[in-house]
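Quick notes on the structure that follows.
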């Protein structure tokens, strides 16, 4: 039964009360309904700051959900100003139609290094999904110290990972309410990008999220270890003027009184730490004591071996130029290469940097630079930039490969691998924004312009290959959400995308102007990373 869209302010009953949405038009003139700013938890204010989220009491009357609310409190990467609000536990729903057969539900978790980002359609418009029969939902969750502060004293009830617990509470709400928005609660797919993809990976590993979703898509964000630095809470408090000792209860008391804008903007890494690449003081951690809602009580690599999610299908992938931002660093700051000359360990994945002694770190870093740049670390020049880009791209792909190897060893469900490789002169918005039009390639975040309407997005002529790429990518993702198989009617005749296999060549769907199922181009050099992990005595999976 099709929707006649005569209602421009539909009201839907949820488990917690009624919400009123609004009728919108997508970039390509498809009509859809949006319900923005639906609360799923008690606002985490006052004494609830840093604590796990609490379920909401039902409200009376009809709540207006026609406009997106504030993003979570953060420092904007663009303006460097503090933006957003501590009161941010809301989700946003867009749906093609509220009538007819129940549709698959796709739930998005935004990226932003666990400290920034916006879940709303201001940042990530679901316009392209609204061509398909799907319910699209995005989740706002706490970021930075507000989401990931962690204290060891059990009496304080701040074990960490509040931001992940926000997402899990939202997923419970979604499961309970999907049917009210014409969604199928038995076909929920979560997907995320960058740190949002890492969140998806952590939810796949955690026993806490079992049964809350049925498939997952991981877009360019992976880590088998958490690699969080110690004493971040104490250093944050000291930076804000705390003069006491490192006693959890006193640190918490101080931080509960502190100005939230100062908490999220505190920049306490030393120049040396920054040069070493530290930029995320607060991120998911292994909780130091068990609670009923604990998300992570061990490293992802350990949890992954026996996790429930080995029984559900996933799609994962990355871009062909994930390391492209190295160009920028070298161009903006020529002395940056000097850091690599003096500290070859800078090129190692964090897990190896954290688990080797200084001598071994140096040796492994040198070996990696030699392998990709054909030069000793101290000989590096701007001419080696391409080699460094390749090195960092491969390091990124290797982090993903470890998850694939784990799935192939311990899993019983398909793992579909893609490689996004569409090098558009004017539609790869992140590369253009950070590196200008002259630079080509497919950098980190460039794929999102083919999935979402971004602030920079413009309407494409339908004859353009970029338009075709958008249609294909979204069709495959929605087909996967609907059936567990990404081969959509639109793409089936062009390519047969098969899951990765344990033996034989590692095959990947290369997504460019054409779709090609090819041997993974990065595979030969990933073996070198395997050897480094072996030398360091770190198990890959």
| request: Go through the residues of the range 388-396 one by one and say whether even a single one is farther than 23 Å from residue 228 by Cα and out of contact with any helix residue (DSSP H, G or I) (no Cβ under 8 Å at 6 or more places or on another chain). | output: no
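Looking at this structure, is residue 162 surrounded by 24 or more Cβ atoms within 10 Å (Cβ to Cβ) and touching a helix residue (DSSP H, G or I) at 6+ places or on another chain (Cβ under 7 Å)?
Values: surrounded by 24 or more Cβ atoms within 10 Å (Cβ to Cβ): yes; touching a helix residue (DSSP H, G or I) at 6+ places or on another chain (Cβ under 7 Å): yes.
Taking the combined requirement at face value, the residue satisfies it.
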| remark: By residue number, the members of the range 241-264 that are surrounded by 17 or more Cβ atoms within 10 Å (Cβ to Cβ) and touching a residue at least 24 places away in the same chain (Cβ under 8 Å) are 248, 251, 252, 255, 260, 263, 264
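For the range 436-451, which positions are in contact with a strand residue (DSSP E or B) (Cβ under 7 Å, 6 or more places away or on another chain) and not in a helix (DSSP H, G or I)? Let's see the steps before the verdict.
Of the range 436-451, the ones in contact with a strand residue (DSSP E or B) (Cβ under 7 Å, 6 or more places away or on another chain) are 442-444, 446-448.
Across the range 436-451, the qualifying residues are 442, 443, 444.
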| message | I need a count of the residues in the range 456-470 that are in contact (Cβ under 8 Å) with a residue 12 or more places away in the chain and either in a loop (DSSP other than H, G, I, E, B) or under 22 Å from the mean Cα position of the chain (by Cα) (or both). | response | 6
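For the range 56-136, give me every one of the strands (runs of 3 or more DSSP E) that falls completely inside it and has 1 or more residues that are surrounded by 23 or more Cβ atoms within 10 Å (Cβ to Cβ) and in contact with a strand residue (DSSP E or B) (Cβ under 8 Å, 6 or more places away or on another chain).
Working: elements: 62-64, 90-95, 103-109.
Ranges flagged: 90-95, 103-109.
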| field | Which listed residue, of 329, 340, is in contact with a helix residue (DSSP H, G or I) (Cβ under 6 Å, 6 or more places away or on another chain), buried (at least 20 other Cβ atoms within 10 Å of the Cβ) and modelled with pLDDT under 90 | value | 340
| Residue within the range 433-443 that is surrounded by fewer than 18 Cβ atoms within 10 Å (Cβ to Cβ), touching a residue at least 60 places away in the same chain (Cβ under 8 Å), over 21 Å from the mean Cα position of the chain (by Cα) and within 29 Å of residue 386 (Cα to Cα) present | yes
| task | Considering (1) more than 26 Å from the chain's Cα centre (by Cα); (2) at pLDDT 95 or above; (3) assigned to a loop (DSSP other than H, G, I, E, B), say which one residue 369 fails and leave the rest. | result | (3)
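For the range 167-190, give me the residue count where each residue is touching a helix residue (DSSP H, G or I) at 6+ places or on another chain (Cβ under 7 Å), buried (at least 24 other Cβ atoms within 10 Å of the Cβ) and either in contact (Cβ under 8 Å) with a residue 60 or more places away in the chain or not assigned by TED's automatic domain parsing to the domain that holds residue 51 (or both).
Restricting attention to the range 167-190, the residues satisfying the condition of being touching a helix residue (DSSP H, G or I) at 6+ places or on another chain (Cβ under 7 Å) are 167-168, 171, 184-185, 187-190.
Now narrow it down to the ones that are buried (at least 24 other Cβ atoms within 10 Å of the Cβ): 167, 171, 188-190.
Adding the requirement that they be either in contact (Cβ under 8 Å) with a residue 60 or more places away in the chain or not assigned by TED's automatic domain parsing to the domain that holds residue 51 (or both) leaves 171, 188-190.
Matching residues across the range 167-190 total 4.
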| Out of (1) buried (at least 19 other Cβ atoms within 10 Å of the Cβ); (2) part of a loop (DSSP other than H, G, I, E, B); (3) in contact (Cβ under 8 Å) with a residue 40 or more places away in the chain, what's the single condition that is false for residue 427? | (3)
| message | Could you list, ordered by first residue, the pairs with Cβ atoms under 6 Å in which the first is in the range 111-124 and more than 19 Å from residue 223 (Cα to Cα) and assigned by TED's automatic domain parsing to the domain that holds residue 161 and the second is at pLDDT 95 or above and surrounded by fewer than 21 Cβ atoms within 10 Å (Cβ to Cβ), at least 6 apart or interchain? | response | 120/68; 122/68
| Within the range 495-513, can you find the residues that are over 26 Å from the mean Cα position of the chain (by Cα) and surrounded by 14 or more Cβ atoms within 10 Å (Cβ to Cβ)? | 495
| message | Against the definition (in the same structural domain as residue 451 (by TED's automatic domain parsing), under 22 Å from residue 424 (Cβ atoms), part of a strand (DSSP E or B) and touching a residue at least 12 places away in the same chain (Cβ under 8 Å)), how does residue 517 come out, yes or no? | response | yes
| task | Give the range 51-75 a look and list any residue that's under 21 Å from the mean Cα position of the chain (by Cα) and within 15 Å of residue 166 (Cα to Cα), or say none. | result | 52, 53, 71, 72, 73
| task | For the range 395-415, indicate whether the set of residues that are surrounded by 16 or more Cβ atoms within 10 Å (Cβ to Cβ) and either modelled with pLDDT under 95 or more than 22 Å from residue 530 (Cβ to Cβ) (or both) is non-empty. | result | yes
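Hey, does the range 475-485 have a residue that's in contact with a helix residue (DSSP H, G or I) (Cβ under 6 Å, 6 or more places away or on another chain) and buried (at least 20 other Cβ atoms within 10 Å of the Cβ)? I'd like the intermediate steps shown before the answer.
As a first pass, look at the range 475-485 and keep what is in contact with a helix residue (DSSP H, G or I) (Cβ under 6 Å, 6 or more places away or on another chain): none.
Looking through the range 475-485, none of the residues is in contact with a helix residue (DSSP H, G or I) (Cβ under 6 Å, 6 or more places away or on another chain) and buried (at least 20 other Cβ atoms within 10 Å of the Cβ).
The values are calculated or read from the model by the stated rules, or taken from the named source; none is laboratory data. Just so it is clear, the structure is predicted and the values come from calculations on it, not from any experiment. Positions of Cβ are backbone-derived with ideal geometry, glycine not excepted, and every protein chain shown enters the neighbour counts.
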